[in-house]
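Accompanying notes for the structure given below.
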Amino acid sequence: MPSSEPDAPITSADVAKVASLARLRLDDAELERFTHQLADILGHAADLETLDLAGVEPMAHPIPLVNVLRPDVPGDLVDRDEALAQAPAAEDGQFRVPPVLGEAP
Amino acid sequence: MSATGPDARAIAAAVRAGERTAAEVLEEHLGRIAAREAELHAFNHLTEDAARAAAAAVDAAVAAGQDPGPLAGVPVALKDNLCTRGVPTTCSSRILEGWCPPYDATVVTRLAAAGAVAVGKTNLDEFAMGSSTENSAFGPTRNPHDTTRVPGGSSGGSAAAVAAGFAPLSLGSDTGGSIRQPAALCGVVGVKPTYGLVSRYGLVAFGSSLDQIGPFATTVADAALVCEVIGGHDPADSTSLPEAFPELTPHLADGVDGLRVGVIAEMMGEGISPDVAARVRSAAEALASAGAVVEEVSVPAVTHGLSAYYLVAPAEASSNLARYDGVRYGNRVDAPTAGEMMEATRTAGFGDEVKRRIMLGTYALSAGYYDAFYGKALKVRTLIREDFDRAYASHDVLLSPTSPTTAFPLGAKVDDPLTMYLNDVCTIPTNLAGHPAMSVPYGTGDDGLPVGVQVLAPARGEVAMFRTAAVLEGSLR
């Protein structure tokens with residue numbers, strides 16, 4: 001059972017933490033199943049440990065990313081009412097959400 | 001491909017010449033859909049009425065002496081992660097069920113401008129995460145060659161639609177093999193173009209540095225035509241390359257005389273079904289007979305592609321999918337506070353595979369693990385590109401299996417994510433490098449099911465890739 005080993009690639013406490021960060025709620029059975037599956041996947045990735053990566057530059061993207069600019073002229077934009085019509089809740093031309101203030105961070 | 005009817009080029013030629021109407025062509029395809037769709041479930045949503053209107057417009061243009069374009073009257077199916085204005089776009093996820101985008105993807109606009117007729121939105125693994133289309137919230141798609149087997153994924157609906165003759169063309173997206181692997185398993189042509197050559201505007205993002213849109217078709221020439229229609233610069237995509245898609249059609253008959261072809265040694269042994277490897281060797285022999293210089297080549301770092309990919313792609317996905325929070329689009333599960341609403345919405349709206357990848361990506365990016373996982377994977381990505389560069393210094397194209405096996409039974413791998421991921425071992429390195437690759441049907445395995453051979457090329461190497469594919473296709477006639 002990889003999740004109980006001290007050198008496991010990921011523990012159930014780790015999974016509970018990332019689920020909370022990603023705004024996902026897991027029940028106990030899900031937590032155990034996902035912990036095993038994620039440990040399997042991360043265990044497979046242990047082959048990367050064997051590589052000598054000293055001096056290798058990371059590659060985040062296949063092509064050089066540069067800012068793309070255009071003249072500041074209004075174009076053909078998405079219609080506001082059409083976009084808001086697809087929202088779960090809208091009011092006065094804005095998205096409506098439940099209270100945000102007063103929550104724990 | 002008699003089971004699938006005439007190819008797209010033949011249809012467009014007949015419609016442009018006034019020999020057939022787009023309306024007739026459309027009804028013929030809708031008839032095939034009516035006969036087999038209940039069994040295959042290739043589509044999430046059919047757009048018959050809009051298709052009939054589009055076909056009528058094509059016929060009206062022909063009648064008025066105008067040219068509707070190179071895809072005049074050709075039915076086309078669209079993967080349901082491509083935005084279509086006013087038409088449901090679900091990504092096969094509960095969280096987007098019923099959502100109608102307020103704009104069209106650039107590829108959708110370009111297909112319509114070329115005279116193509118969109119018939120519907122095809123099923124996929126939820127948010128394009130999977131290799132069997134079993135991760136769809138709306139049920140799996142079945143392989144038209146054997147309905148007890150998967151069509152591959154994630155673009156399984158688009159591959160099955162073309163293989164079943166529902167449309168001669170479809171579009172998919174390919175983040176780690178999601179066009180090429182289902183093309184192989186369904187016995188059709190599937191192309192993942194060079195990163196940046198086809199606009200991603202309106203493609204629902206999964207892994208933004210890996211995603212690319214491309215076609216499924218029954219012939220290499222049809223696939224080339226679609227690339228020419230949908231490709232080229234788009235100001236709406238900041239990662240779109242500032243150039244046209246290379247002209248392919250004029251080169252399809254150029255042959256491979258003198259072309260240098262390398263068979264990737266690391267993709268011919270362990271983990272590859274022997275009957276699949278045998279088809280790749282036959283393909284290599286066919287190319288040699290046609291004058292190509294064929295040899296084995298080593299690309300050592302590709303053996304680490306899977307590990308790097310399953311850190312990079314989930315990391316990007318965890319960021320991209322943060323936008324599904326019940327605020328701006330899609331479904332919401334109500335709760336007293338915004339935070340509780342977001343958690344309830346995401347918990348109910350995402351399926352297991354999507355949750356797995358979001359958590360994996362969040363973990364790989366989190367403080368204390370970033371260097372060990374995501375940072376390391378990005379360096380391995382560099383090694384993979386460098387090893388490809390070395391191979392391409394002395395080869396024009398490379399060859400490998402597309403998928404390690406033929407189509408597997410539904411349910412066989414769905415409970416074991418890692419085993420499912422191994423389906424993509426031959427296709428993933430291409431996405432990490434940003435290169436093009438395509439799958440060409442090349443006979444069948446011992447079980448009688450289709451085998452695909454993968455042709456890989458360096459960035460912007462599409463001409464040599466399509467020349468090779470055309471020779472392979474011709475060698476089977």
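Observations on the model:
- Here the 3J(HN,Hα) profile of region B:142-150, calculated from phi with Karplus coefficients 6.51, -1.76 and 1.60 at θ = phi - 60°, is 10, 6, x, 7, 6, 6, 8, 10, 6 Hz, Gly and Pro shown as x.
- Every helix of 4 or more DSSP H residues in chain A counts as -39500 (n - 2.57), and over all residues that averages to -9000 deg cm²/dmol at 222 nm.
- Computed [θ] at 222 nm, helices only, for chain B once each DSSP H run of length n ≥ 4 contributes -39500 (n - 2.57): -11500 deg cm²/dmol
- Table column - 3J(HN,Hα) (Hz), region B:30-41, Karplus curve with 6.51, -1.76, 1.60, x for Gly and Pro: 4, x, 5, 5, 4, 6, 10, 5, 4, 7, 9, 6
- The GluC sites (Glu not before Pro) of region B:262-310 that meet both conditions, a loop assignment by DSSP and at most 10 other Cβ atoms within 10 Å of the site Cβ, are B:Glu270.
- The mean sequence separation of alpha-carbon pairs under 8 Å and at least six residues apart, normalised by the residue count of chain B, gives a relative contact order of 17 percent.
- For peptide B:324-334, the mean count of partner chain Cβ atoms within 10 Å of a residue's Cβ comes to 4.
- Reach of B:Lys376 by Cα under 13 Å, taken over aspartates and glutamates that are not fewer than 8 positions away in the same chain: A:Asp47, A:Glu49, A:Asp52, A:Glu57
- Amide proton proximity set for B:Ser132, modelled H, under 5 Å, gap of 5+: B:Gly153
- In this structure the amide hydrogen of B:Asn44, modeled in the peptide plane, comes within under 5 Å of the amide hydrogens of B:Lys121, B:Thr122, B:Asn123, none closer than 5 places in sequence on its chain.
- Centroid-to-centroid separation of region B:395-463 and region B:314-338 [C-alpha atoms, Å]: 32 Å
- Charged neighbours of A:Glu57, selected by a Cβ distance under 13 Å, balance to +3 (K, R count +1; D, E count -1).
- Centre separation in Å (Cα based) which lies between region A:25-46 and region B:250-287: 38 Å
- Lysines whose Cα lies under 21 Å from that of B:Lys192, excluding same-chain neighbours fewer than 8 positions away: B:Lys79, B:Lys121
- Scattering profile of chain A at q = 0.10, 0.13, 0.17 Å⁻¹ [log10 I(q)/I(0), Debye over alpha-carbon scatterers]: -0.69, -0.92, -0.97
- Debye, to nearest 20: dipole size of the protein assembly as shown, +1 on Lys, Arg Cβ, -1 on Asp, Glu Cβ: 540 debye
- Distance between region A:51-105 and region B:177-195 - C-alpha centres, whole angstrom: 29 Å
Quick note: the coordinates plus some simple rules give every number you see, no bench work behind them. Note that the coordinates shown come from a computational prediction; the quantities given were computed from them, not determined experimentally. Ideal geometry is used to build each Cβ from the backbone, glycine not excepted, and the neighbour counts take in all protein chains shown.
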